[in-house]
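Each remark here refers to the structure printed beneath this line.
Values in this text are rule-based calculations from the coordinates and carry no lab data. Predicted model, so just to flag it, every value in this text is computed and none were measured. Every residue, glycine as well, gets a Cβ built from its backbone with ideal geometry; the counts of neighbours run over all protein chains shown.
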Amino acid sequence: MVASPYEGQPEKNWLSITQDLIKKHPLSLRDMADATLESWKSIFDSGIGTEHFKIGKDIFPSPQIMGFFLHELIPLKLKAKYPKLWKKEKDVGEKDLVYLPNPFYSVEIKTSSNKNKIFGNRSYGQKGNSSKKDKSGYYLAVNFEKFDESTNPQIRLIRFGWLDHSDWISQSSETGQQASVSNLADKYKLVVIYKR
């Protein structure tokens, strides 16, 4: 497990630590925003099947499917742009976007149709879980609109930063399947790089 860059630091220092982590990251904020927005556009530009059915015209996927497309396309866009530096995850222990020279800079991607929150499965908020993927590290958080059949939904918000395993809070219900990010982490550890 990666040591937290925020360990022992008061909350008033968190934003400057986040900004420093972002500066050190090998991808520019522009690269991440562009890859996200281009991926979203690609979803609507593509045709499916021999009839070339269009998303937003013939097919109106659920938010989970739209999130899946983003999750797949963003790493592929960045790999296409920087093939010797980035790849899409293949192994269960890898982050979604893998930085080949140094996995420390690999990025987990979270998408949501919520206006401004992101979620993980319940294991994100559980201590001592046996997940093979480290829950601490760099995160790209993307919020998008749901379908309204009269218009194509848009990307609302793109944020980038660092989240620690301890920033995730599981639902208190025993049957709850979700974890969300604490308000403090949401405020100081994720920086807005695009807002519609």
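Listed here are the residues, each with its yes/no results for (1) touching a helix residue (DSSP H, G or I) at 6+ places or on another chain (Cβ under 7 Å); (2) surrounded by 18 or more Cβ atoms within 10 Å (Cβ to Cβ); (3) farther than 18 Å from Phe147 by Cα.
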residue	(1), (2), (3)
Trp14	yes, yes, yes
Asp45	no, no, no
Leu73	yes, yes, yes
Lys90	no, no, yes
- Please give the number of the condition Phe104 fails out of (1) more than 19 Å from Ser136 (Cα to Cα); (2) among the aromatic types (Phe, Trp, Tyr); (3) out of contact with any helix residue (DSSP H, G or I) (no Cβ under 6 Å at 6 or more places or on another chain). (1)
- Query: How many residues are acidic (Asp, Glu) and either within 16 Å of Met32 (Cβ to Cβ) or touching a strand residue (DSSP E or B) at 6+ places or on another chain (Cβ under 7 Å) (or both) if we restrict to region 73-101?
  - Reply: 2
- Query: free of Cβ contacts under 8 Å to residues at least 12 places away in the same chain, surrounded by 12 or more Cβ atoms within 10 Å (Cβ to Cβ) and under 14 Å from the mean Cα position of the chain (by Cα) - does that describe any residue in region 51-58?
  - Reply: no
- Message: Tally up the residues in region 59-85 that are in contact (Cβ under 8 Å) with a residue 40 or more places away in the chain and in contact with a Lys or Arg (Cβ under 7 Å, 6 or more places away or on another chain), please.
- Response: 1
